[in-house]
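One structure, pasted below without further comment.
Readers should treat all values here as calculations from the given coordinates under stated rules, not as data from a laboratory. All values reported here derive from a predicted model rather than from experimental measurement.
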């Protein structure tokens, strides 16, 4: 689940986790209302918040043992540490862990009760690239083992790498959803960039950035390239720095956010 700050991601997670009522409509998790029937389904869910509170003087092992006392049918201590690759720091005090190790300890506690559904709110924020990749591998193994994960993130690369399904939120609404390929390809497939030694008509290549350098969003790059090159041949123009690039999830996200901002400004202008 993607969205800018304030888009509604964490609020949506709170509703699905059963911590708050929806402001409108309804929600169902495991077929029931997660707020009214939270006690019936809480044991089937694991939750990892953006920040967790640990006792810095406890070791990793002591922390997991403490959590196991409050968890029905918990994973074994060694199994939990192995699952998140923390065996090597089992006897290290929490206050001495790196940021990535603390996040993986948080993840170990979230899955201690063998959840079927795991909620992760920005689990890799602040981690270095190596720690982030290590966390991705852990999550992939969990999904391969049958666990479902709902994850929020600001890292487009992370979503593109991990997600089977993506939802982009804006102002409390889902404005795009589907597989990564569907979201990217629906109306923002590729981008063609080039420069020209003569002006290019708008109907051929859209609006130029500075009169010469062009960026064209294309859902059919083959047809658009044929049209562009045909115009260049007829006009005796030279196309330079021609490049066709498949859009990334970040391209789509930024364009969607920009479209929604523009729509909001237009609506506000009409109200005035």
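If one puts a single equal scatterer on every Cα of the stretch 190-246 and applies the Debye formula without solvent, what log₁₀ I(q)/I(0) results at q = 0.12, 0.19, 0.21, 0.27 Å⁻¹?
-0.22, -0.56, -0.70, -1.21
Run through the DSSP bridge list for the stretch 2-163 and note the antiparallel percent, rounded to the nearest 5.
Numbers: 2 of 11 bridges.
Around 20 percent of the beta bridges assigned by DSSP in the stretch 2-163 are antiparallel ones.
Moving to a separate point now. Which one, 90, 237, 159, has the greatest fluctuation when you compute a Gaussian network model over the chain with C-alpha springs under 10 angstrom?
237
May I pose another question? How big is the gap, in Å, between the Cα center of the stretch 97-125 and the Cα center of the stretch 35-52?
That distance is 13 Å.
Here is a further query. Do me a favour and compute the ellipsoid semi-axes for the stretch 2-163 from its Cα gyration tensor, root of five times each eigenvalue, largest one first, whole Å.
Semi-axis lengths for the stretch 2-163 are 26, 20, 14 Å.
If you fit an axis through the alpha-carbon atoms of helix 221-235 and take the longest principal axis of the Cα set of the chain, what angle between them do you get, 0 to 90°, nearest 10?
Once rounded, the angle reads 20 degrees.
How big is D for the stretch 62-108, in µm² s⁻¹ as a whole number, if Stokes-Einstein is applied with the Kirkwood radius of its Cα pairs at 25 °C and 0.890 mPa s?
Rounded to a whole number, D works out at 226 µm²/s.
How far, in nm, would the chain grow between residue 96 and residue 154 when pulled straight, counting 0.36 nm per residue and subtracting the alpha carbon separation?
Difference between extended and current length: 18.2 nm.
Of 149, 168, 192, which is the most mobile in a GNM of the chain whose springs link Cα atoms less than 10 angstrom apart?
192
Which percentage, to the nearest 5, of the DSSP beta bridges contained in the chain is antiparallel?
65
Given springs between every Cα pair under 10 Å in a Gaussian network model of the chain, which of 250, 158, 203 has the largest fluctuation?
203
How big is the chain on each of its three principal axes, counting only the C-alpha atoms and giving the largest first in Å?
So the extents along the principal axes, rounded to whole Å, are 77, 46, 33.
Based on alpha-carbon centroids, what's the gap between the stretch 143-171 and the stretch 70-96 in Å, whole number please?
25
Just from its helices, what would the mean residue ellipticity at 222 nm be for the chain, if runs of 4 or more DSSP H residues each count -39500 (n - 2.57) and the sum is divided by every residue, rounded to the nearest 500 deg cm²/dmol?
Rounded to the nearest 500, the figure is -12000 deg cm²/dmol.
Related question: So what is the relative contact order for the chain, in percent, with contacts set as C-alpha pairs under 8 Å and at least six apart? Please report the intermediate quantities before stating the final value.
Numbers: 383 pairs, mean separation 47.6, N = 272.
The value is 18 percent.
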